[in-house]
Each structure stands twice: as structure tokens, then as C-alpha cells.
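All remarks here apply to the structure that follows.
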Amino acid sequence: MSSQRESWLEWGPADGPVALCLHGFPDTPHTWRHLGPTLAEAGFHAVAPWLRGYGPAGVPDDANYRVSVLVADALAVVDELGAVDPVLVGHDWGAIIGYATVATHPERFRRMVTLAVPPLGSVMAGFLTYRQARRSWYMFVFQHALAEAIVAGDDFAFIDGLWAEWSPGYDATDDVEFVKEALRDPANLTAALGYYRAMLGADQSEATEADQAALIPPPVPTLYLHGADDGCMGAELVDGAQALLPTPGSRAEILDGVGHFLHLEDPSRANRLILDFLT
């Protein structure tokens with residue numbers, strides 16, 4: 001059973017080792033509803049916050065969604081919990097935040113698991129290909145002033161479409177309802193799109209070295225998992241991932257029969273791999 005504070009979901013004993021679980025787009029902490037109880041049974045205190053700007057987390061006054069600020073948010077949760085040697089699990093944007101967090105603060109985390117977005121060095125190598133650019137069309141839509149109207153139209157049919165394309169055959173009804181609730185307020189939707197505007201926007205003059213930290217190969221043991229049927233990030237992007245996981249004990253693995261939301265499509269398999277690695 002999970003419990004909920006204002007800004008996160010949590011499972012397991014409060015005095016257990018902390019597992020910080022970060023969701024991506026378009027998603028919510030409910031994405032960890034299968035993994036959280038599994039980690040709790042193993043003695044972990046699994047904590048899954050709403051990312052900056054999503055739902056209960058509130059919309060920041062500065063509208064800053066650069067990676068360095070997202071890292072600071074992740075560390076603030078760890079500090080609030082008083083966590084010692086926590087582990088980090090990140091999916092999609094949560095993976096990007098994870099890469100940057102452990103790169104800048106490797107002494108703070110024992111191990112990391114990332115899903116659906118490979119180490120960014122391998123992503124950059126394939127991002128400009130026609131095949132991946134076609135998958136990433138939505139990122140460029142988000143740069144447009146009409147993006148909010150496009151995404152919110154017809155009760156967020158855009159979100160329904162992304163989930164259907166990214167995880168073919170998976171019934172995402174429950175997940176999408178959580179997302180729609182988190183983004184229903186126009187301010188929350190603008191915040192979620194703000195991640196992509198900060199990443200790909202025309203004005204990169206304020207980007208700092210910390211904002212680029214996600215490009216650094218993870219300096220802690222890292223397990224990377226990717227769905228073979230991922231309609232968002234092609235599985236071919238994983239080809240160079242192992243070379244960008246230099247820390248002993250790290251590895252990348254492609255799972256057959258699942259897509260972008262692999263931890264929801266086949267939770268028993270994903271949970272087993274994650275738990276075996278973290279323990």
C-alpha cells in the first residue's frame with residue numbers, strides 16, 4: 001500500500017534505504033505503483049515525487065525547467081528524507097535527471113537504474129537521423145505557441161496518442177487519467193512543456209555546465225533498460241549505450257515485447273531486474 005504526502009507517493013518503511021523514483025513525460029509518480037511495493041517488500045523506502053510543475057508539486061514562480069534546477073529538486077527530496085547512500089530510479093525525463101544528478105553528485109548515490117532514455121551520448125549520435133527525428137516530432141511541436149492548445153484539445157487526445165504510439169498494445173487508460181489530472185490546469189501543462197522548451201529552445205545563452213551534466217557517463221553502477229518496441233526512443237539508440245556505462249557492474253539491456261513504458265507493460269520482469277541490481 002502506498003501513502004501520499006503533498007508532493008510525493010511513498011512505499012515501505014520510513015527508516016529503510018531510500019529509493020528515489022523519478023517519472024517522465026507524460027506521466028506521474030503513479031507510474032511506480034508496481035515497482036514501489038516491490039521495493040518496499042525488499043525493505044526500501046521508495047519515494048516518487050511529482051516533478052517540478054506537475055500536479056501537486058505546484059508551478060514555480062521562476063518557470064525554470066533547466067536540468068540543473070531539476071537536479072536541485074531531486075537532491076532536495078533526498079535531503080528532506082535524510083537519506084544516506086540512496087539509490088535512484090528514473091524513467092524518461094526521470095532518467096535524464098538521474099544522469100545529471102549522479103554526474104554532479106556521485107558521492108550521494110550508491111546505484112542507479114534508468115529506463116527508456118539511454119545515456120545521452122548514444123542518444124545524441126542518433127537523434128539527428130531521419131528515423132529518430134520522426135519519432136521525436138512532438139518535441140518540436142512543443143516549441144510552438146499553439147502547443148498547449150494542441151495537447152489539451154479533445155480531452156488531451158494528444159496524450160492518449162503518445163502513449164498508444166510509444167507502448168503499442170498496452171492499455172494505458174489508468175495511467176493517462178493520472179496524467180490528465182496532473183496537467184488539467186493550464187499552468188501545469190505549460191510547465192510540463194517547459195522542460196522541452198528549456199532543452200531545445202532557441203535561446204540557450206543561459207545554459208550552464210550543470211545543465212549539460214546529463215551528457216557525462218554515469219560514475220556510479222548503472223542498469224539501463226529499454227523496450228524493444230519503444231515508439232518514442234528507438235532501440236537502435238541503445239547500440240552505443242554500453243560504452244557510455246563505464247563504471248564496473250553497469251550494463252544495458254533491451255527487453256523484448258515491451259515499449260517505452262516497459263515497467264508498466266511487464267512489471268514482474270522489470271521489477272525483478274531492477275531489484276536484483278539494486279540489492
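Any residue in region 63-84 that is assigned to a loop (DSSP other than H, G, I, E, B), basic (Lys, Arg) and under 26 Å from Ser122 (Cα atoms)? Spell out how you get there, then give the answer.
Filtering region 63-84 down to residues assigned to a loop (DSSP other than H, G, I, E, B) leaves 63-66, 82-84.
Then keep just the ones that are basic (Lys, Arg); that gives 66.
Among the residues that remain, those that are also under 26 Å from Ser122 (Cα atoms) are: 66.
Yes, there is a match, as at least one residue in region 63-84 is assigned to a loop (DSSP other than H, G, I, E, B), basic (Lys, Arg) and under 26 Å from Ser122 (Cα atoms).
Can you find, within region 37-96, the residue that is nearest to the chain's Cα centre (by Cα) among those that are among the β-branched types (Val, Ile, Thr) and more than 27 Å from Leu262 (Cβ to Cβ)? Steps first, please.
In the first step, residues of region 37-96 are kept if they are among the β-branched types (Val, Ile, Thr); the result is 38, 47, 59, 67, 69, 71, 77-78, 84, 87, 89, 96.
Still in the running and more than 27 Å from Leu262 (Cβ to Cβ): 59, 69, 84.
Working: Val59: 18, Val69: 15, Val84: 22 Å.
Among those residues, the one meeting the criterion is Val69.
Given the structure, is Thr31 hydroxyl-bearing (Ser, Thr, Tyr), in a helix (DSSP H, G or I), closer than 19 Å to Ala172 by Cβ and touching a residue at least 60 places away in the same chain (Cβ under 8 Å)? Let's see the steps before the verdict.
Working: hydroxyl-bearing (Ser, Thr, Tyr): yes; in a helix (DSSP H, G or I): yes; closer than 19 Å to Ala172 by Cβ: yes; touching a residue at least 60 places away in the same chain (Cβ under 8 Å): yes.
Yes: the conditions hold for Thr31.
How many residues does region 235-249 contain that are surrounded by fewer than 22 Cβ atoms within 10 Å (Cβ to Cβ) and under 22 Å from Asp266 (Cα atoms)?
2
When the residues of region 57-90 are filtered to those that are touching a residue at least 60 places away in the same chain (Cβ under 8 Å) and small (Gly, Ala, Ser), which remaining residue is surrounded by the most Cβ atoms within 10 Å (Cβ to Cβ)?
My answer is Gly90.
Would you check if there is a residue in region 104-113 being within 23 Å of Arg269 (Cα to Cα), surrounded by fewer than 24 Cβ atoms within 10 Å (Cβ to Cβ) and either without any contact (Cβ under 8 Å) to a residue 40 or more places away in the chain or not hydroxyl-bearing (Ser, Thr, Tyr) (or both)? Please lay out each step first, then the result.
So the first thing to find is which residues in region 104-113 are within 23 Å of Arg269 (Cα to Cα), and the list is 110-113.
From the residues that got through so far, the ones that are surrounded by fewer than 24 Cβ atoms within 10 Å (Cβ to Cβ) too are 110-111.
Filter again for either without any contact (Cβ under 8 Å) to a residue 40 or more places away in the chain or not hydroxyl-bearing (Ser, Thr, Tyr) (or both), leaving 110-111.
The answer is yes; a qualifying residue exists.
With region 144-237 as the region, which helices (runs of 4 or more DSSP H) entirely inside it contain at least 2 residues that are touching a residue at least 12 places away in the same chain (Cβ under 8 Å) and among the acidic types (Asp, Glu)?
Values: elements: 147-166, 173-183, 186-200.
Fully inside region 144-237 and qualifying: 147-166, 173-183.
In contact (Cβ under 8 Å) with a residue 12 or more places away in the chain, touching a Cys at 6+ places or on another chain (Cβ under 6 Å) and of a type outside the set (A, V, I, L, M, F, W, C), is that true of His260?
On the way: in contact (Cβ under 8 Å) with a residue 12 or more places away in the chain: yes; touching a Cys at 6+ places or on another chain (Cβ under 6 Å): yes; of a type outside the set (A, V, I, L, M, F, W, C): yes.
In short, yes.
Among the residues of region 125-143, how many are of a type in the set (A, V, I, L, M, F, W, C), assigned to a helix (DSSP H, G or I) and in contact with a helix residue (DSSP H, G or I) (Cβ under 8 Å, 6 or more places away or on another chain)? Can you show your working first?
Our first condition is that a residue be of a type in the set (A, V, I, L, M, F, W, C); within region 125-143, this holds for 125, 127-128, 133, 137, 139-142.
If we keep only those that are assigned to a helix (DSSP H, G or I) too, we end up with 125, 127, 133, 137, 139-141.
Now drop any that are not in contact with a helix residue (DSSP H, G or I) (Cβ under 8 Å, 6 or more places away or on another chain), which leaves 125, 127, 133, 139-141.
Selection size over region 125-143: 6.
Mind checking whether some residue in region 85-100 is of a type in the set (A, V, I, L, M, F, W, C), modelled with pLDDT of 95 or more, under 29 Å from Gly201 (Cβ atoms) and not in a helix (DSSP H, G or I)? Before you say what the answer is, go through the steps one by one.
Taking region 85-100 and keeping what is of a type in the set (A, V, I, L, M, F, W, C), we get 87-89, 93, 95-97, 100.
Applying the additional criterion that residues be modelled with pLDDT of 95 or more yields 87-89, 93, 95-97, 100.
Checking which are under 29 Å from Gly201 (Cβ atoms) leaves us with 88-89, 93, 95-97, 100.
This time we only want the ones that are not in a helix (DSSP H, G or I), so: 88-89.
Scanning region 85-100 turns up at least one residue that is of a type in the set (A, V, I, L, M, F, W, C), modelled with pLDDT of 95 or more, under 29 Å from Gly201 (Cβ atoms) and not in a helix (DSSP H, G or I).
Name the residue that is modelled with the lowest pLDDT, counting only residues in region 34-56 that are surrounded by fewer than 20 Cβ atoms within 10 Å (Cβ to Cβ) and not in a loop (DSSP other than H, G, I, E, B).
That would be Pro56.
The values are calculated or read from the model by the stated rules, or taken from the named source; none is laboratory data. What you are looking at is a predicted structure, and each value in this text was computed from that prediction instead of being measured. Note that each Cβ is placed from the backbone with ideal geometry, even for glycine, and that neighbours are counted across all protein chains shown.
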